[in-house]
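Undergrad: Sharing a structure with you now.
Read the figures in this text as sums done on the coordinates, not as results from a lab. In this text the structure is predicted, and so the values were computed from the model without any measurement. As a convention, Cβ positions derive from the backbone with ideal geometry for all residues, glycine included, and neighbour counts pool all protein chains shown.
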Amino acid sequence: MSISDNVRARMVEGSWVRKMFEEGAVLKQRYGEENVFDLSLGNPVMEPPPEFAQELKRLVENPLPGMHRYMANAGYSETRAAVAAQLSLETSLEFTMNDIVMTCGAAGGLNVVLKTILNPGEEVVVFAPYFLEFGNYIDNHGGVTKVVPTDEQFIPKLDALEAAITARTKGVIINSPNNPTGVVYSEDFIHQLGDLLGRKESQYGTHIFLISDEAYRKIIYDGLKYPPVFHHHRHTVVTTSHSKDLALPGERIGYIAIHPECSQREELVGGFIFCNRTLGFVNAPALMQHAVQNLQQVTVSVAEYQKKRDFLYGHLVEMGYSLVKPQGAFYMFPKSPLEDDVAFVNELQQWNVLAVPGRGFGSPGHFRLSYCVSDRTLEGSLAGFKKAAQKLNLC
Ligand SMILES: Cc1ncc(COP(=O)(O)O)c(C=O)c1O
């Protein structure tokens, strides 16, 4: 056998989104693209804001000398400085370019951070339901994933976290706004979390990194303000990208930001830069770094996503589905009307509606819907949800 046992096992275990993608492709071929309502993928249907095209045009018309060459592995100073200025505005902390490393998306950033901090066998906590790639990224760098549950509202259970932390705990990954639930953590919750991590650090004489995956930070509804995680734990590292807020997932542009007062900050940032290089990313894409430099205050239309959330949430509740109202990102995570979430997702497929079973996020008994799709797809999906609800007597 040429493929490793670990990769084979992980390919089988973590392939729910891919499985839905493949089954969707078969359905689309059989019934026609327009008759299949695919709510399984987090691939934004929105185009990037017009300012992005203007930046590209400016760069093409006024090329900078050497703009396609290799650069310092941390990225362009000007781009890092622009990100630092924006973060200083958002957090009132004083970030400089030395706190920022440009990365190939949040995924690249997470791998760089985990590679930098993990010794073999050290533990990283995630909260179920979670973006299953976290487990793969932790495994990439020899770490061990510890899964801690959330409550009915999908807020992590701090007593369970307290019990899960050991002398080997190196990090805790949070993701707010959350994929797959859409939940946004309150300032009070983050404060309690930071407090707990601080106490555990003192107890064990260790550093426990709060790794905050903020891929959806700017997609937040109902006038809510995002509470900066940095304020509540000094050993905080944020990873994020412009995949969602500027609708550029294919362009692979993001960054790591470290708390300016994190202990051993310089060595850590040196580690991030080294790992950005040696993991083979080398640097974040040059053209994209130039393009996003002036777009730090630009975001896709959040109102548009909120409209989609309201539409789908309202209809699902009316049909009798049980779900927590999402406050951000573009996902919702209703309870599966059947105990077996895979059976329910198969039921939806009978009506040409594609969703992902909750077990694809470590939480069976739910299913994930992604509403970053066209209004036509959302509208078209309602008949299938309704038929499944009627069949299962939800109303
Ligand atoms: C929670 C979460 N983190 C990270 C990522 C990776 O995003 P990026 O395109 O920035 O690598 C995604 C993508 O869907 C995500 O949902």
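Undergrad: Can you classify the range 265-364 as rounded, prolate or oblate using the Cα gyration tensor, where a ≥ b ≥ c are the square roots of its eigenvalues, rounded means a/c under 1.5, and otherwise it's prolate if a/b beats b/c and oblate if not? It would help to have the intermediate numbers written out before the result.
TA: Numbers: a/c = 2.94, a/b = 1.86, b/c = 1.58.
Prolate is the answer for the range 265-364, as a/c is 1.5 or above and a/b outweighs b/c.
Undergrad: Using Cα-Cα distances under 8 Å and only pairs 6 or more residues apart, what relative contact order does the chain have, in percent?
TA: Relative contact order, the chain: 24 percent.
Undergrad: With each pseudo-label sitting 7 Å past Cα toward Cβ, what's the PHE21-ALA72 distance in nm, one decimal?
TA: About 3.6 nm, to one decimal.
Undergrad: Here is a follow-up. Contact order normalised by length for the range 78-137, with contacts defined as Cα pairs under 8 Å and 6 or more residues apart; what percent is it?
TA: Relative contact order here is 25 percent.
Undergrad: What is the magnitude of the charge dipole of the chain about its Cα centre, with +1 placed on the Cβ of each Lys and Arg, -1 on the Cβ of each Asp and Glu, and no other charges, expressed in debye to the nearest 20? Can you show the working numbers first?
TA: Numbers: 36 positive and 44 negative charges, 110 e Å.
In debye, rounded to 20, the chain gives about 520.
Undergrad: Please identify the helices of the chain, taking whole runs of DSSP H, that span at least 15 Å along their own axis as judged from the Cα atoms and have a mean Kyte-Doolittle score of 1.0 or higher. Could you put the intermediate results ahead of the total?
TA: Details: long enough: 16-31 (22 Å, -0.70); 50-61 (17 Å, -0.63); 77-91 (21 Å, 0.07); 105-117 (19 Å, 1.14); 187-204 (26 Å, -0.93); 265-278 (19 Å, -0.03); 302-319 (26 Å, -0.56); 375-391 (25 Å, -0.78).
Going by DSSP H runs, the hits are 105-117.
Undergrad: Cα centroids of the range 360-395 and the range 121-149: how far apart, whole angstrom?
TA: If you average the Cα positions of each part, the centres end up 28 Å apart.
Undergrad: Please say if the range 307-395 is rounded, prolate or oblate, where rounded means a/c under 1.5 for a ≥ b ≥ c the square roots of the C-alpha gyration tensor eigenvalues, and otherwise the choice is prolate for a/b larger than b/c and oblate otherwise?
TA: Values: a/c = 1.41, a/b = 1.14, b/c = 1.24.
Rounded, since a/c falls under 1.5.
Undergrad: Let's test the formula: R0 of 25 Å, r as the Cβ-Cβ distance of GLN192 and LEU89. What FRET efficiency results, to the nearest 0.05? Write down the numbers at each step before the final one.
TA: Numbers: r = 26 Å, r/R0 = 1.04.
Working from the Cβ atoms, E equals 0.45.
Undergrad: Right, next: Given LYS225/LYS335; LYS146/LYS170; LYS170/LYS200; LYS19/LYS244, which pairs have Cα atoms separated by over 19 Å?
TA: LYS225/LYS335; LYS19/LYS244
Undergrad: What is the range 1-134 by shape, rounded, prolate or oblate, if you read a ≥ b ≥ c off the alpha carbon gyration tensor as root eigenvalues and call it rounded for a/c under 1.5, prolate for a/b larger than b/c, and oblate otherwise? Don't skip to the end; give the middle numbers.
TA: Working: a/c = 2.05, a/b = 1.30, b/c = 1.58.
Taking the square roots of the gyration eigenvalues as a ≥ b ≥ c, the range 1-134 is oblate.
Undergrad: Quick one: which residues, 5 or more positions from VAL148 or on another chain, have an amide H under 5 Å from its amide H? H modelled 1.01 Å from N in the peptide plane, none for Pro or chain starts.
TA: VAL126, PHE127, ALA128
Undergrad: Let me ask something else about it. Hey, if you drop one equal point scatterer on each alpha-carbon of the chain and run the Debye formula without solvent, what base-10 log of I(q)/I(0) do you get at q = 0.06, 0.08, 0.13 Å⁻¹?
TA: Normalising to I(0) and taking log10 leaves -0.24, -0.43, -1.14.
Undergrad: State the antiparallel share, in %, of DSSP beta bridges confined to the chain, rounding to the nearest 5.
TA: Details: 16 of 36 bridges.
For the chain, the DSSP antiparallel bridge percentage is about 45.
Undergrad: Using a simple spin-label model with points 7 Å from Cα along the Cα→Cβ vector, what separation in nm is obtained for VAL147 and ASN62?
TA: With each label point 7 Å from Cα toward Cβ, the separation is 5.2 nm.
Undergrad: So who's got an amide H within less than 5 Å of the one on TYR255, skipping anything under 5 residues away but keeping other chains? H placed 1.01 Å off N, in plane.
TA: THR103, THR240, SER241
Undergrad: Across the range 34-45, in residue order, what do the Karplus-derived ³J(HN,Hα) couplings come to in whole Hz, using 6.51 cos²θ - 1.76 cosθ + 1.60 with θ = phi - 60° and x for Gly and Pro?
TA: These are the phi-based 3J(HN,Hα) values: 6, 9, 10, 10, 9, 10, 9, 10, x, 9, x, 7 Hz.
Undergrad: Fully extended, how many nm does the chain gain between SER4 and PHE311 (0.36 nm per residue separation, minus their Cα-Cα distance)? Numbers along the way, then the final one.
TA: On the way: separation 307, 0.36 × 307 = 110.52 nm, distance 4.49 nm.
Between SER4 and PHE311, full extension yields an extra 106.0 nm.
Undergrad: Let me ask something else about it. Per DSSP H run of n ≥ 4, the term is -39500 (n - 2.57); total these for the chain, divide by its residue number, and report the mean residue ellipticity at 222 nm rounded to 500 deg cm²/dmol. Intermediate values should be presented prior to the final figure.
TA: Details: 13 runs with 164 residues, N = 395.
Using -39500 (n - 2.57) per qualifying helix, the result is -13000 deg cm²/dmol.
Undergrad: Over the range 107-249, with a single point scatterer placed on each C-alpha, what log10 of the ratio I(q)/I(0) does the Debye formula yield at q = 0.10, 0.11, 0.13, 0.14 1/Å?
TA: With no solvent term, the Cα-only Debye profile gives -0.30, -0.37, -0.52, -0.61.
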